[in-house]
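Trainee: The structure under discussion is supplied below as structure tokens; questions concerning it will follow.
No lab work stands behind these numbers, since they all come straight from the coordinates. Given the structure is predicted, the values throughout are model-derived calculations rather than measurements. Note that each Cβ is placed from the backbone with ideal geometry, even for glycine, and that neighbours are counted across all protein chains shown.
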Amino acid sequence: MDVFFVLTNAITVACIYGLIAIAVSITWSSLGLINLAYGFVFTFAGYGAWLFAEHISEMPVLLAGAGIAMGALAGIIVCLVVFIPLHDKPNFTTRGMIATLAISLIGSQSFLMFFGPRPKSLPDLFGFWTVDMFGVTLTSDKIGIVLCSTLMLFVVVRWMRGSRRGLEIRAMMMNPHAASIVGIGVRSTGIYVMAVTGAMGGLASVLLSQTYYIAPFNGLTPLIKGVSIALCGGLGSVQGAVIAAILLGLVEALTNEFLGGQYVLMTQFLVIIAVLVVRPRGISGLLDKAREQ
Amino acid sequence: MTEPTEKSGYTWINPLASWGTATGNPAAPSVPVPDIREDWDRVTGYKVPTYLVGRLKHYVIWSNHGDRLWNRTRWWPTRRNLLHVTGIYNRKTAIAEKKILDRRPIYWLICMVLLALAPLVFPASMQNTLLTAGTIFGIFAAINVCWTLIIGTASIFSLASYAVVGTAAFLTSWLSITYGVPWYVLPLIGSAIGLVFGLAIALPALRLDGFYYALLTLGLNELCRVFFTTSKEFGSASGGLYGADSFIRESWDPMVQSYVGYYAAFALLLGSLSLFRLINGKRLGRVLRMAPEKREAFAAACGVDYKRARIVIFIVTSVALGFIGGFYAAQYRGVAFSIFSFDTVLLGLAMLAIGGIGKAEGAVLGTLVVVFLDKVLLEWGPIRHFLVGALMLAAVLFLNNGYFGIKKQFNAWRDKKRGEWRSTRTEKGGEALPEEATETNDKDQLYFRRFDKIQRDYLKKLITPEIIEEHRRQPLGQHSEALERVLLYFRRAKLEDKYALHRAGPHGPYKIIAFSGSRGVSPRIVDDREFATVDEGYHGVFMRRVHDLMES
């Protein structure tokens, strides 16, 4: 097995999981909600895109757009069901986390009821072509995945930096209480945040379905991977998540190369635990101050 | 002006007129003066509807005797009482009574007796299903009670409890299959595995707080699942690892096997409940009740070593979970991979969330509900898990702490509503705002304002065109009772902003001025209107005061 081949694989997958990691990270730091319903968002967007491809159009751009829109919709649903009723209640963090877990349970069972256990596959977004770069053959879907997720990340970061809504979200990240005092609506910001992060999850779903299938319980692995990356990078930090995604991608590639595929999760978790024992709030998380909620 | 309807037609006769010494009008059309005491009673009366107060006696009260109060049943050999009983005296009859302060042991006893007798009353058609479900209930309730110790008592949000159980079950099954380890050793080996596992995952718990740890343990669970399902030693092909030694002999009658399984699981549940009681109700639990989340620094300052207590509980509970894992393997002759699945963790969390996190009764009730939905209503299909999810979501959205938190939440809600109702019933005279009233040191000021308001309201009713006309005709001298009362009130007004007449020349004209009320500050001229005679001036001042009264 060629190490570069494994490396490109790892980077491709890390891009997708990185999207979810950043979504988890942004939601936690701005809303204080540990959203474990990204598995639901992921599957919802996947099935939405599949329905779109079946009934309306198979054009790649439209398909990706449909996935993103469905992801945003799922994010808004989670926000309406969990964040808005719960955000001012006692034990919000615990209850919010359990509620998102309940949504993922309900979601996967409803997908099982509506679509059945058989996996669905999406049409190819990027066609079939290959590029030879430094002696490594890169397939179209890998390049497409990396480009798309980088583009999405770039757009989201630009939007967070440059727009009025982004300013509101960053204010919420700094101090939610003060933000609400100066007139930033907690609920409206919650809807923006969940829509944007849901859109990231939706894109990740469409991109990952290039490699895997869409099945009712397939949201779990991306969720776990995304959450681990977010943890390792530090909740609330975008660059930390990027660093962690690359680090864990490398670990995955190296483990695949030297130890074998079944040890991937183990080495990854050892790395995560090692990182967290040294820096309890992740690679670039702030050391002593967590988000007060 | 107030309506003068029934007040007209009344003529006041100056009592001094017949003596020929009267100043003022000999007679004037005026208004009858109502009794001010009626207004006083109406305003100061207590009109709020009152209800019977106190609480219903919803607890059983036994008669008592002073001697017998000290003669209690105790847990041998300690001096602990069987029940937390207090002696009280009836406040009406002064008869000595006994009251049980904490009735939960009685409820626990009743529930446990019901659980023990339940197999006798299961309907014959459902006997097998219910016994199987009861066995699963016993084991899962035991796991959840231990998990409650970790999440509730130790406040370590670990989602890896099922991973500990599963690992212990897999390893012990594998040992039993490979080396023929007998069943009675499996729980002990499981405990050792739980100890090792607990030590390993307690290490990050020392450093990470709350939700970082939850997410990490969620990942650990997934790690275990992937490891065990992909490794060949643990039967990756067959969906589980089976063939371990068991205390349930296969030669027995299937019904006997079910019964033995049920009561073994029941004993396991009793064991974990006693562990819960031993940890949560004794020193460790009390130490940690001193150090709830976000108050750790305070507890530490008081000398509570909460970290050590948490880790001790975590490790002891991990040992117990390992024991349960070994027991599980010995009960079912092995274990399936589904113990590691995300859905198992979700269902477990649903059990805790439905019953209420942090309470043993919550864990047991939640397990009962979820296991009943999951294992008894088998023909409902995938909607069962949907229902469990919906229950979990509803419990989290509407209840602060699950089913057993309802009472506290309801009482808090009722107190809030009572406060709201009380505040809507409260009479507001407009004399002083509540916050102003609490800030004022001289409470006489408040009573004076209240009295003044009552008086002004009363006098407003007396202001009619008749008395204004009477005053216009003769500002000085004897007046009718209505006008006299109004004038007396005006004369008694405070000096600041009190009106007076200013004479511009030796014979007028007159202008209305108002005193400043403080020495050395000259009065101000109220307006430019001029009055030719002093009587017109008096009437002008009177009209101005009437105007101020009606405006206030």
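Trainee: May I ask for the percentage of alpha-carbon pairs in region A:126-256 that lie more than 17 Å from each other?
Mentor: So the portion of pairs separated by more than 17 Å is 69 percent.
Trainee: Considering every residue in B:381-390, what mean count of other chain Cβ atoms within 10 Å of its Cβ is obtained?
Mentor: 5
Trainee: Still on this structure: What number of lysine-lysine pairs in region B:355-492 show an alpha-carbon separation below 24 angstrom, given a sequence spacing of 8 or more or placement on distinct chains?
Mentor: 15
Trainee: Let me ask something else. Under the Kirkwood approximation applied to all pairs of distinct alpha-carbon atoms, what is the hydrodynamic radius of region B:240-364 in Å?
Mentor: Hydrodynamic radius (Kirkwood, Cα pairs) of region B:240-364 is 17.1 Å.
Trainee: Just the Cα atoms of the protein assembly as shown: what Rg and Dmax do they give in Å?
Mentor: 39.8, 134
Trainee: What average number of partner chain Cβ atoms lie no more than 10 Å from the Cβ of the residues making up A:278-284?
Mentor: The per-residue average across the peptide is 2.
Trainee: While we're looking at this one, here's another question. Round to a whole angstrom and tell me the spacing of the C-alpha centers of region B:229-272 and region B:498-552.
Mentor: The two parts, judged by their Cα centres, are 104 Å apart.
Trainee: Divide the volume of the convex hull of the Cα atoms of chain B by its number of residues and quote the answer in cubic angstrom per residue.
Mentor: It is 321 Å³ per residue.
Trainee: State, to one decimal in nm², a quarter of the convex hull surface area for the C-alpha atoms of region B:61-106, i.e. the direction-averaged projected area.
Mentor: 3.5
Trainee: Sticking with this structure for a sec: Between B:L446 and B:A390, what is the FRET efficiency for a Förster distance of 35 Å, r being their Cβ-Cβ separation, to the nearest 0.05?
Mentor: So the FRET efficiency works out to roughly 0.05.
Trainee: Relative to the longest principal axis of chain B, what angle (0 to 90°, nearest 10) does the C-alpha long axis of helix B:383-398 take?
Mentor: 40
Trainee: For region B:88-120 and region B:158-212, what is the separation of their Cα centres, given in Å?
Mentor: Here the answer is 39 Å between Cα centres.
Trainee: Give me the distance in nm between label points sitting 7 Å out from Cα along the Cα-to-Cβ direction at B:R74 and B:S518, one decimal.
Mentor: Roughly 7.5 nm, to one decimal.
Trainee: Here's another thing I want to ask about it. If a paramagnetic tag sat 7 Å from the Cα of B:E439 along the Cα-Cβ line, which residues of region B:480-521 would have the backbone N under 20 Å from that point?
Mentor: Counting backbone N atoms under 20 Å from the label point, the list is empty.
Trainee: Taking the alpha carbon gyration tensor of region B:469-535, what are the square roots of 5 times its eigenvalues, largest first, to the nearest whole Å?
Mentor: Semi-axes (√(5λ), whole Å): 23, 18, 8.
Trainee: According to a simple spin-label model (label point 7 Å from Cα along Cα-to-Cβ), what is the distance in nm between B:S231 and B:R277?
Mentor: 3.8
Trainee: Here is a further query. Treat the count of other C-beta atoms within 10 Å as a stand-in for reagent exposure and order A:M59, A:M194 from fewest to most.
Mentor: A:M59, A:M194
Trainee: Cα gyration tensor of region B:96-240, axes a ≥ b ≥ c as square roots of the eigenvalues: rounded (a/c below 1.5), prolate (a/b > b/c) or oblate?
Mentor: Oblate, since a/c reaches 1.5 and b/c is not below a/b.
Trainee: While we're on this one: Relative contact order for region A:224-288: what percent, with Cα pairs under 8 Å and sequence separation of 6 or more?
Mentor: 41
Trainee: Counting only residues 5 or more places away or on other chains, whose amide H sits under 5 Å from the amide H of B:A27 once H atoms are built in the peptide plane?
Mentor: B:N14
Trainee: Using a 10 Å cut-off on Cβ to Cβ distances, tally the other chain neighbours for every residue of B:391-399 and report the average as a whole number.
Mentor: 6
Trainee: Say R0 is 41 Å: what FRET efficiency, to the nearest 0.05, do A:V155 and B:A412 get from their beta-carbon distance?
Mentor: 0.35
Trainee: Which value in deg cm²/dmol, rounded to the nearest 500, describes the helix-derived mean residue ellipticity at 222 nm for chain B, given -39,500 (n - 2.57) per DSSP H run of n ≥ 4 and division by the residue count?
Mentor: -18000 deg cm²/dmol
Trainee: Treat the count of other C-beta atoms within 10 Å as a stand-in for reagent exposure and order A:S284, A:S57, A:S205, B:S176 from fewest to most.
Mentor: A:S57, A:S284, B:S176, A:S205
Trainee: Which order do B:H539, B:H65 fall in if you start with the one that has the fewest other Cβ atoms within 10 Å?
Mentor: Sorted ascending by nearby Cβ count, the order is B:H65, B:H539.
Trainee: Can you list, largest first and rounded to whole Å, the semi-axes you get for region B:131-340 by taking the square root of 5 times each eigenvalue of its Cα gyration tensor?
Mentor: Semi-axes from the Cα gyration tensor: 32, 20, 13 Å.
Trainee: Hey, another quick one. Which log10 I(q)/I(0) values, to two decimals, does region B:158-262 give at q = 0.10, 0.15, 0.17 Å⁻¹ under the Debye formula with one point per Cα?
Mentor: -0.37, -0.74, -0.89
Trainee: So, in nm, how far is label B:Y263 from label B:W62 when the simple model puts each one 7 Å beyond its Cα toward the Cβ?
Mentor: Output for this residue pair reads 3.1 nm.
Trainee: Given the pairs A:K225/B:K294; A:K89/B:K47; A:K120/A:K225, which span a C-alpha to C-alpha distance of over 27 angstrom in this model?
Mentor: Going by Cα-Cα distance, A:K225/B:K294; A:K89/B:K47 fall outside the 27 Å limit.
Trainee: Another question about this same structure. B:E551 to B:Y242: extension gain in nm, 0.36 nm per residue of separation minus the Cα-Cα distance?
Mentor: 102.0 nm
Trainee: Treating each Cα of region A:15-218 as an identical point scatterer and ignoring solvent, apply the Debye formula and state log10 I(q)/I(0) at q = 0.08, 0.13, 0.14 Å⁻¹.
Mentor: For region A:15-218, the Cα-only Debye profile gives -0.28, -0.71, -0.81.
Trainee: Taking chymotrypsin sites (Phe, Trp or Tyr not before Pro) that fall in a DSSP loop and have at most 15 other Cβ atoms within 10 Å as cut points, what is the longest piece of chain B between them?
Mentor: Between exposed loop sites, the widest span is B:253-552.
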